[in-house]
Amino acid sequence: MISLKKLGSFLFYLSFLLLEWGCGNAEKPPEKDVVIDPAKLGERVSDNLKLLIDYSSDNGGKINDSVVLKYLPQIRRIYEDNNYSSVWSSEENWNEIADSLYNFLDSVKQYGLFPSDYHISFLIDTRKMIARDSASRQDAALWSRADVLLTEAYLRIASDLRIGRLERDSTTLRNDSLLTPEYFLSCLNKAVASRRIKESLHSLEPSSPAYTILKAGIKRFLDADTVPDAPHDSLMEKFKRIAVTLDRYKQLPDTMPPAYAWVNIPAFSLYVYDADTLVVESKVIVGAPATRTPLLASTITNFITYPQWTVPYSIIFKEMLPGIKNDVNYLQKKNLMVVDRYDSVVDPATINWNKMSKTHFPYLLRQRQGDDNSLGVLKFNFRNKYSVYLHDTNARSLFSRTNRALSHGCVRVEKWKDLSHFLIRNDTARFNVDTLGAWISRAEKHVVSGFKGLPVYIRYFTVEGKEDGKLKFYKDIYKEDSVLSARYFAGKK
C-alpha cells in the first residue's frame with residue numbers, strides 16, 4: 001500500500017509531467033513552493049531540484065532570464081547520483097560545507113576573482129531571507145535554487161582557480177588536457193565527501209611563490225579602496241590587472257624547473273632562480289611597443305663572446321636602407337659590412353643603392369664584432385621562431401632610464417656577466433671564470449656550449465607582490481592587460 005508521503009510526491013511530479021507533455025518542454029519551476037510540514041521539506045526540495053535541472057536542460061542552461069548554468073551536465077550528474085537530494089542544506093538549515101563555501105564567497109576578491117561570476121548577490125540575499133523569515137525557510141523552491149547555484153559557484157571557482165579565465169594560447173605551458181569539467185566535478189565530490197570545501201579550493205591554486213606573494217597583497221590593496229579620495233575606477237582597473245596576472249600564473253607549468261631565467265617585460269627585469277632562490281637580478285631593455293619582445297619559453301644552450309650581428313631585414317628596410325641611400329657612409333658610421341649570398345664582403349661603393357628595395361636586396365648587413373657592436377661583447381642563444389636573444393649592448397647608459405622599452409625585440413641584459421657565470425657554474429674545469437674574462441679582455445670570439453641548458457621564460461606580468469605585503473604595478477607598455485581586461489572582465493564587479 002502506497003504511503004501518503006509517496007502519494008503526495010507522485011501527484012506533485014504528475015502535475016508537472018502533464019504540463020510538460022502538453023507543451024513539449026519541461027515546465028518552468030515555481031517561484032515559490034512553501035511547505036508547511038517541515039518533515040516534507042526535504043522531499044519537496046528534491047522535487048524542485050529535478051524540475052529546475054530539467055527546465056534548465058530544455059532551455060540552454062537557463063534557470064531564469066538572468067542566470068545560465070555553465071556546468072549543467074555536471075550539476076545534473078551530482079544530483080542524479082545523490083537522488084536529487086540537497087547537497088548544501090537539510091531540515092531548514094545550511095550544513096557545514098555550505099557555511100564554508102559562503103565564507104569563501106565572501107572573500108573571492110582576495111583571490112583575484114569577481115563576485116558577480118558566482119551568483120553571489122542571489123546567494124547572499126537568499127541566506128539573509130532564510131535567516132530572518134520563516135516563510136522563506138519553508139520555501140522548497142528557494143532552497144533548491146540556492147542549492148544548484150552553490151554547486152555551480154563551487155565548480156566555477158574551482159575552474160577559475162585552477163586554469164584561470166584566459167583562453168589557452170601559444171604561451172600556455174600547463175598540461176591541462178585532464179582539466180575537463182569532469183575533473184572539477186570530481187573535486188566537488190571529494191570536497192563534499194571530506195567536508196573540506198575551503199581546503200579543496202586552495203589545493204587547486206598555483207604553488208608558485210610569486211603567485212602566493214602576489215595574492216597575499218590583494219587584501220591590503222582592497223583595503224585602500226576605502227580611502228575617500230581614491231579614484232574608484234582606477235582601483236577597479238588595477239584589480240583587473242591583478243586578475244589577469246594571477247591567471248597568467250595559471251598558464252605556467254605546475255612545477256617550474258629547478259633553475260630558470262625569467263624576463264618580465266613590463267618590469268624591465270631579468271631574474272634567475274636556482275632552487276627557488278633568486279641568484280641573479282638584472283635590469284633589461286626590451287622591445288619598443290612598435291617592435292615588441294615576444295612572449296616565449298625556450299632554453300639557453302650557448303653564448304658567444306664578441307658576436308657579430310646580422311641585421312634583420314625588417315630593420316634594414318625600415319631604418320637602414322633610407323639612411324644608406326642618403327649617404328653610403330652610413331654603413332661605416334654604424335660599423336656595418338655588406339655580405340653577399342656566398343658570405344663574401346662586398347664594397348658598398350660598388351652597389352647601386354637606389355635600386356635596392358624590399359623586393360630586391362641580395363645582401364646581408366652585418367655589424368663587426370667589438371665594443372661598438374649593438375650586441376655588445378656577449379650574446380645568449382636559445383631556439384625560437386622570432387630570431388630574438390638575450391645580449392649585452394653598446395649603449396649601456398640606457399639602463400639608467402625608467403622606461404626601457406627601446407629595442408627592436410631582443411632583450412639587452414645589464415648583468416650579462418653574472419648570467420654567463422651562472423651558466424658555467426658547474427663546469428669550471430672547461431670554462432673557468434678567469435678564462436672567460438681573458439677572452440673578453442682580448443676581444444676574442446668564442447662559442448661556449450656544453451653546459452646544462454637554462455630554461456628561459458619571457459613573460460608579461462604588470463603586477464608583482466613584494467615581501468612587505470605591497471603590490472608593485474608596472475606600466476602596461478604593450479597594452480596587453482587593457483586588451484585582456486576588456487575581453488574577459490568587462491562589466492565585472
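Details
- Built amide H within the under 5 Å cut-off of VAL377, gap 5+: ASP392, THR393
- Placing ASP468, ASP139 in order of accessible area, with the largest value first and a 1.4 Å probe, yields ASP468, ASP139.
- Expressed as a whole percent, the accessible area of the range 249-296 that falls on carbon and sulfur atoms is 53 (1.4 Å probe).
- Surrounding net charge for TYR79, when Lys and Arg each add one and Asp and Glu each subtract one, Cβ distance under 11 Å: -1
- Average accessible surface for the chain: 50 Å² per residue, computed with a 1.4 Å probe over protein heavy atoms with every protein chain in place.
- With DNA, RNA and ligands ignored, accessible area of VAL483 (1.4 Å probe; Å², nearest 10): 80
- Along the range 298-304 the Karplus relation, 6.51 cos²θ - 1.76 cosθ + 1.60 evaluated at θ = phi - 60°, assigns HN-Hα couplings of 7, 9, 6, 10, 7, 9, 10 Hz to successive residues, with x for each Gly and Pro.
- A simple spin-label model places the labels of SER121 and ASN93 3.2 nm from each other, with each point 7 Å out along Cα-to-Cβ.
- Whole-Hz couplings from phi, Karplus 6.51/-1.76/1.60, listed for the range 481-493; x for Gly and Pro: 5, 4, 5, 5, 4, 5, 6, 10, 10, 4, x, 6, 7
- For the listed residue pairs LYS198/LYS479; LYS219/LYS452; LYS32/LYS219; LYS70/LYS250; LYS190/LYS215, the alpha carbons are over 30 angstrom apart in LYS198/LYS479; LYS219/LYS452; LYS32/LYS219.
- Under the criterion of Cα pairs below 8 Å and six or more residues apart, the relative contact order for the range 304-412 equals 30 percent.
- Accessible heavy-atom area order of THR359, THR393, THR310, highest first, probe of 1.4 Å: THR359, THR310, THR393
- Apportionment of accessible area to carbon and sulfur, the range 297-392, percent (1.4 Å): 47
- Based on C-alpha pairs under 8 angstrom that are at least 6 apart in sequence, the chain has a relative contact order of 16 percent.
- log10 of Debye I(q)/I(0), alpha-carbon scatterers only, for the range 268-413 at 0.15, 0.16, 0.18 Å⁻¹: -0.85, -0.95, -1.16
- Under-5 Å amide H pairs with GLU27, H placed in peptide plane, nonlocal only: GLU20
- Protein accessible area in the range 100-150, 1.4 Å probe - carbon and sulfur %: 46
- Measuring only protein heavy atoms, the 1.4 Å probe finds TRP262 accessible over about 20 Å².
- Loop-resident sites, the range 401-493, for GluC sites (Glu not before Pro), counting at most 11 other Cβ within 10 Å (DSSP): GLU444, GLU467
- Accessible surface, 1.4 Å probe, highest first, among residues HIS202, HIS360, HIS391: HIS360, HIS202, HIS391
- Loop-located trypsin sites (Lys or Arg not before Pro) in the range 366-454, at most 16 other Cβ atoms within 10 Å (DSSP): ARG368, ARG383, LYS385, ARG401, ARG425, ARG430, ARG442, LYS445
- Helix 120-132 vs. the chain, principal-axis angle (Cα, 0 to 90°, nearest 10): 30
- Three-way shape label, the range 366-425, alpha-carbon gyration tensor, a/c 1.5: rounded
- Acute angle (nearest 10 degrees) that the helix 41-58 long axis makes with the longest principal axis of the chain, alpha-carbon atoms: 50
- Neighbour-limited loop hits for trypsin sites (Lys or Arg not before Pro), the range 298-341 (at most 13 other Cβ within 10 Å; DSSP other than H, G, I, E, B): ARG341
- P(r) tail fraction, the chain - alpha-carbon pairs more than 43 Å apart, %: 38
- Ellipticity estimate at 222 nm from DSSP helix runs (n ≥ 4, -39,500 (n - 2.57)) divided over the chain, nearest 500: -11500 deg cm²/dmol
- Full extension of the chain segment joining ASP327 with VAL339 gains 2.5 nm, where the gain is 0.36 nm per residue of separation less the Cα-Cα distance.
- For the range 17-129: rounded, prolate or oblate by the Cα gyration tensor [a/c cutoff 1.5]: oblate
- With the simple spin-label model, which puts each label point 7 Å out from Cα in the Cβ direction, the THR212 to GLU199 separation comes to 1.7 nm.
The values are calculated or read from the model by the stated rules, or taken from the named source; none is laboratory data. Every value quoted in this text rests on a predicted model; they were computed, and no experiment measured them. A quick note on method: Cβ atoms are made from the backbone with ideal geometry, for glycine too, and the neighbour counts reach across all protein chains shown. Heads up: the accessible areas ignore ligands, DNA and RNA and are worked out on the full protein's heavy atoms, side chains in. Shrake-Rupley method; radii C 1.70, N 1.55, O 1.52, S 1.80 Å.
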